[in-house]
Structures are given as structure tokens and as C-alpha cells.
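Notes for the one structure printed next.
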Amino acid sequence: ADAILCLGLATRLGGSVVGGELRKANRRGAKIISVNSRPHNLSIIADKWLKPDIGHEYDLIRELLLVTRDGAISGTKPADDIIFAADSMKKASAPVILVGSDLLHYKDGAEILNIIDELAQKIHAGVMPLPPQSNLYGTLVMGICPELLPGGLASASAENRERLGKIWKTLIPEISASWNAASLSNGNNMECLYFIGNIPMKNRPRADFVIVQNIYPPESISAADLVIPAAAFTESDGTFLSGEGRLQKVRKGTEPSPHVLPDWKILSLIAKAMGKSGFDYATVEDIQGEMSLLIGEFDKPDDDRRDIIRLGPIPEFMTDPIAAHRRIVADNEYPFLLYTVAMENTYRGLPLSVYVDGLRSLLRENVLEIGPDDAGKLGINSGDDIIVTSAAFEKTWPAQIITEQPSGMLHITLLQGEISGSNPYPVRIRKKDV
């Protein structure tokens, strides 16, 4: 790549691999443009850092599109910076757009992706989404979401369901897409809730029976009725899909402890105990062989020439039905806007900062970042417990005064799913016990 547009990207933690490649590209002369509303490490090497107001990233990307497409600019942004960035991408012979996770927490995330797609087509750029967990793409291809079948095919398609049914020798029913992780907080009680490779919230979810299958038990023993020990990725063979979408083989480095099994074997044993057929896998290779019936690349995981695995056409109901670009604003009842991002340093739902002392010092997690002007007006000091109230939740977090935090805006890094919904959240705040 000779021009790289980084959108909402900070190459920290797992993303440091990408950061190293960006530095190599920078040294060989590639232009690096970073669009990020917050201070981040790429600002050190970027040829241009475009800093939109928090929550206004869509507007800035749209300005880039207008300049590349029409040569026009609305005048609402610094024209020289926008024109430099647009020209760099437009004149590049091999432009690439890297999409970081910070952009995808917004309520208008689907619209942001649509405008990125339009920009990429205009400048003939490759696009690479870079979520914090690199194997997210692999889970989509495996059919982990109700909207998708294994192979990354839309589950709404009767033709796709029939094709999979022939392989599995069973009827695949039409799948409801109405249930997702947000359903855990909607107050409905479930008969049985089974967490695989994830840890439930500290408080017990509303379920008669809770099963947790992981490398560690949950913090609170009351959060689970049954805990099944599972092998870590270092203790089992398998594959994952890189951020680029290429299949990569994983070889275990050590044997698991006695009575600890990999996830696939646990699931197979449970299925057979329930009388289900089709789970007679003896090895990982047996599973990969079945995967290859839908995705040919799994038939040759050792072949370095393997192609990128692509998702099929995305069903319409996975995109945002709201066509208009709507801005959420603060008001008298909720005068602040809270922006949340998910912790990136997690493995199987476990924040590594719980186990690694150094990370606790380096990362700002579970603290409410507030600007000095707002803190001064409300008499808030760093370390004060702050009650944050929205129309949907009320939480308490310790405050941390951050110089660069804009007035009227709050920021916090939380475990995935601790608050359901999308940014921003209109909120009001007050000191606890005052």
C-alpha cells in the first residue's frame, strides 16, 4: 500500500502487529492518514491526523468522499487537511482503508460503513476491518450469529438452508434473528443459559440454570450452577481466520491438565448424551473436513497459497433500516453524552488486566473519564464515585479527570456487553453520597 487511511484505529495490544506493519509502510514512503477523535498512538507516525469531534466521524469521512468524488468541500472542516488526505488517497496506486473498532460502537455504525464502502469504491481501495479480537471474522464464517449459517451464508435464504441440510442430513428451520446478547438484560427469565468461552456478568443472569464453560470460573460462584473446564488455545489444535480473512493453522504448545477438554469435544459429548447424531468427531481434522464441504479452504489449512475467505451477501435485516443520518444530542434532563468502548485486552471474556499487574497501570478501564471544566463545575475530583443515569441504566464508576476530554462528553472502557446499545448515551451524573 502507498496510502493508508486509518479510521477509528489505535494499534495497541493485539493491534500492535498492524502497528508494526504501518511503521514499515511509513518508512518506505507510504502516506498514512489517521481519522480519530481521541489521542492515539498512530498520531506519532501519521502524515496527517484528522481529528473530528467525538461522534462526528461520519461527517468527516463524508467530506473525504465529496472531495475525492466532486472536488468539493462543505467548509465545515479544515479544508487543507481534508484536501491533503483526499488527494493522498485519490492519487495512490494501491490505497488501503483500515477500519478500527472505535467507529463501530456508534448508533450510526451501519451508515459509517456504507460511506466507507462508497469511498473505497471511488478510490479503488482495499478495506480491512480490524476488530479487537482477530477471530471475530472466523466466528461469523462459522455461523455464530443467527443471521448467518456456517460458510457465512444468509440464514434467511431457503436455498442456503437446504444446501446445509443436505450436508447435515437434517431439516434446517428458518432461524429467528431476534435473540442476541442484549436479550440477557431485557428482564426475561430463561430456563437454561450456557456460556461457552465467555464469562457472565458479576450478577447472576435471569436463568433457572447457568452453565459456564471456560478456562477460568466466574468471579462469583453464584453466577453459575455448573462450571466445565475447557482447554485454552495453547492447549488445542485448530484454526483461526486472520483480520485479512486468511485461514491460519494453530498447533497446541502443551497438553491441557487432566480432565480438561477442548470446546469441540465437550460439545460433542453433551450432544451425544442428549441422543443427537452427527457428533462422532474423533479429531480436529474430522471437523475441518466437514467445514471444507462449505468452505473449500478448510481442506488445505497447510497450503500457503490459500485464498481469502469471504462472507456471502449480507441479508438486508442485518443493516440499519434507518436511512436518515440522525444525531443524538444532550438535553436538560440528560446534559452529558457518554461514549463507551469495549475492552480489547480480553481472552474468552476475561480481562487480562485482572491477571497482569502491568496492564492495570497502563490501561484506563472501568473509570469514567471527564473533562476538567465539567469536573470543576460539579466539584468532582479523580477517584470520586460518580453515579451515571440514563433512560435505560444507572451505574456507578470512579471518576478520572482527563485534560483532552471535551466538555459535555464522558468516556469509559468496559467489558463487552456490560451496557447494551450503541453510542452515544444521553446521561446525567452526580457524586455518590452527596
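Please treat every number below as a calculation from the coordinates, not as lab data. Keep in mind that this is a model prediction, so the values were computed, not measured. When we count neighbours, we look across all protein chains shown, and the Cβ atoms used for this are built from the backbone with ideal geometry, even at glycine.
A few comments on the model shown:
- Report summary: the helix-based calculation at 222 nm, which adds -39500 (n - 2.57) for every DSSP H run with n ≥ 4 and divides by the residues of the chain, gives -7000 deg cm²/dmol.
- Along its principal axes, the chain has C-alpha extents of 64, 60, 42 angstrom, given from the largest down.
- FRET efficiency for E290 and K122, using Cβ-Cβ distance with R0 set to 41 Å, rounded to 0.05: 0.50
- Straight-distance candidates among the lysines for linking to K432, with alpha-carbon spacing under 30 Å and chain neighbours fewer than 8 residues away dropped: K107, K202, K377, K395.
- Relative contact order of the stretch 20-137, defined on C-alpha pairs under 8 angstrom at six or more residues apart (%): 22
- Each part gets one Cα centre, and for the stretch 87-140 versus the stretch 341-408 those centres are 28 Å apart.
- Approximating the spin labels as points 7 Å out from Cα along Cα→Cβ, the D385-to-E418 distance works out to 1.5 nm.
- The relative contact order of the chain, computed from alpha carbon pairs under 8 Å that lie at least 6 residues apart in sequence, is 12 percent.
- Stretching the chain fully between S43 and T234 yields a gain of 65.3 nm (0.36 nm per residue, less the alpha carbon separation).
- One chain, two ends: D303 and K432. Fully extended at 0.36 nm per residue, the span grows by 40.6 nm beyond their Cα-Cα distance.
- At R0 = 35 Å, FRET efficiency that the Cβ-Cβ distance of D70 and M190 yields, to 0.05: 0.10
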